[in-house]
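Input: a single structure, listed below in structure tokens.
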Amino acid sequence: MECTRASGLIQLSILNHRRIGKVHIEVRDAKGALVYVEEGKAMAEELVRRFDKGLFPKGTATLSVKARDFDITQSFTIQ
């Protein structure tokens with residue numbers, strides 16, 4: 001995941017050794033409130049998403065991506 005101050009986008013890129021399949025993506029703010037959720041399927045070995053920072057409140061947030069082969073959680077800050 002990449003969230004730079006100079007960019008207006010949050011970029012998510014995951015490469016897996018086989019098809020990813022069902023995916024659950026969620027973003028929570030610093031208080032733990034759910035800000036964004038997405039469920040779907042990635043029928044390839046790569047998952048790429050770009051989110052507009054304007055959709056999320058300022059401050060620290062946590063991005064979680066869950067699939068069959070992985071469960072990734074990463075924090076980032078929107079200023």
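Selection of the range 65-79 for residues being of a type in the set (Phe, Trp, Tyr) and over 17 Å from Leu34 (Cβ atoms) yields only Phe70. Screening the range 2-55 for residues that are under 16 Å from Ala67 (Cα atoms) and in a loop (DSSP other than H, G, I, E, B) and picking the one that is least open to solvent (accessible area, probe 1.4 Å) gives Ile20.
The values are calculated or read from the model by the stated rules, or taken from the named source; none is laboratory data. Computed from a prediction, not measured in an experiment: that's the story for all the values here. Counting neighbours? That spans all protein chains shown, and the Cβs are built from the backbone with ideal geometry, glycine included. The protein model used for the area step is the full one, side chains on, heavy atoms only, and it has no ligands, DNA or RNA in it. Shrake-Rupley method; radii C 1.70, N 1.55, O 1.52, S 1.80 Å.
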